[in-house]
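Everything on this sheet refers to the single structure shown next.
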Amino acid sequence: MSHLESNIISKVTGGRWINLDGSTTFSHISTHNSNAKNSLYASIKGITMNAESAINTLGASAVIVSAQDADEMYSGLKIPLLIVDNVKASLISIAKYTRGLIKAPMIAVTGSVGKSGFKHQVRHLLKTQCEVCASSNSRNLDYPILCNLSSANIQLDVGIIEVAGSEPHVCARRSNWILPDICVITNLSLEHMRYHKTIGCMLKNKADIVRGLSHGGVCFLNSDNEFFEQIRYEIRKIRKDISIKTFGSKEESDARLVSYVYDAKSYSWDVESNIEGNIVKYKVPILGYHAPLMSTLALLTVSHLGYDVKKSSKCYSNF
């Protein structure tokens, strides 16, 4: 039985169905655009389109809606509705239920920049070895994270969810939904300071990603970053039971960038890295100067998960 079967959804949320005959199974849950058929659409007043548009335009087959909004916005429409007290609370309940069914490693990735790039690289590097579940776009705010987690294939091999955290307690809240086994902080810079206000607040906000990390879990940090010592200190204040692995050019890094040379003919970097004792040479066809270093993070993830690093490094050539 699917975890998105209508009877399970009503039980988990405490909601009640109207206009629904029998039982049905949904392909996924969404609050925004979706071209897939048979989706369950969560209606958030002022954020999402109305249910009728969702049905006609997006192919949704049912809607989660609060009792107040159902009476105000959807009265008279013969659309299957799951009536709940609070839509966001219901999504949290479904997300937590789904997370409880997932046995595979889950990765939460945050940082000032590089979150989506990391996610895309790991998914590409592992595609010949396992199934990685990760959204194609950022989807790193509350509702998209809850929908991604609720809709996840519980048979996945690795899950990656991107987390934005530019305000106090936001990373902590989202991390506690995801309950990751691995936390990744890609890079820290003076982005979004209008939200963080100070560098100290930025470091605390990002360090909060480890609050939901499993006991004995691991956090990956950029040892070349100017804020490395400060972010490590903030993380240790929060969690002393987790391990920290590093990527960078320093000799002591768990994933070390040994050398990199730009090849103008192939528009790629010739890279040599030492990934937890595995020496690998490969090409990275990404123009940015940051690309060689960030490739060590992706390969560190592959290594920590127990997959073949050399096989994955070869996949960079057609990234």
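Considering segment 86-111, and only residues there that are under 17 Å from Leu146 (Cα atoms) and basic (Lys, Arg), the residue that is surrounded by the most Cβ atoms within 10 Å (Cβ to Cβ) turns out to be Arg99.
In segment 151-174, the residues that are surrounded by fewer than 16 Cβ atoms within 10 Å (Cβ to Cβ) reach residues that are among the aromatic types (Phe, Trp, Tyr) with C-beta atoms within less than 9 angstrom, at least six apart or across chains, in these pairs: Glu167/Tyr195. So Ile83 clears everything in (1) buried (at least 18 other Cβ atoms within 10 Å of the Cβ); (2) under 29 Å from Asn318 (Cβ atoms) except one condition, right? Which one? Exception for Ile83: condition (2).
A quick yes/no check of all residues on (1) aromatic (Phe, Trp, Tyr); (2) within 22 Å of Lys127 (Cα to Cα):
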residue	(1), (2)
Val258	no, no
Trp269	yes, yes
Tyr282	yes, yes
Leu297	no, yes
Thr301	no, yes
Lys311	no, yes
Cys315	no, yes
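Of the helices (runs of 4 or more DSSP H) lying entirely inside segment 179-294, those carrying at least 3 residues that are closer than 30 Å to Ser93 by Cβ and touching a residue at least 24 places away in the same chain (Cβ under 8 Å) are 199-207.
Scanning segment 140-178 for residues that are among the β-branched types (Val, Ile, Thr) and assigned to a loop (DSSP other than H, G, I, E, B) turns up Ile154, Val163.
Taken together, Leu146, Leu81, Leu77, Leu101 contain a single residue that is closer than 23 Å to Lys37 by Cβ and modelled with pLDDT of 95 or more, which is Leu146. The residues in segment 199-241 that are surrounded by fewer than 18 Cβ atoms within 10 Å (Cβ to Cβ) and aliphatic (A, V, I, L, M) can be counted, and the count is 2.
The values are calculated or read from the model by the stated rules, or taken from the named source; none is laboratory data. These numbers come from a predicted model, not from an experiment. Here Cβ is always computed from backbone atoms with ideal geometry, including for glycine, and neighbour counts include all displayed protein chains.
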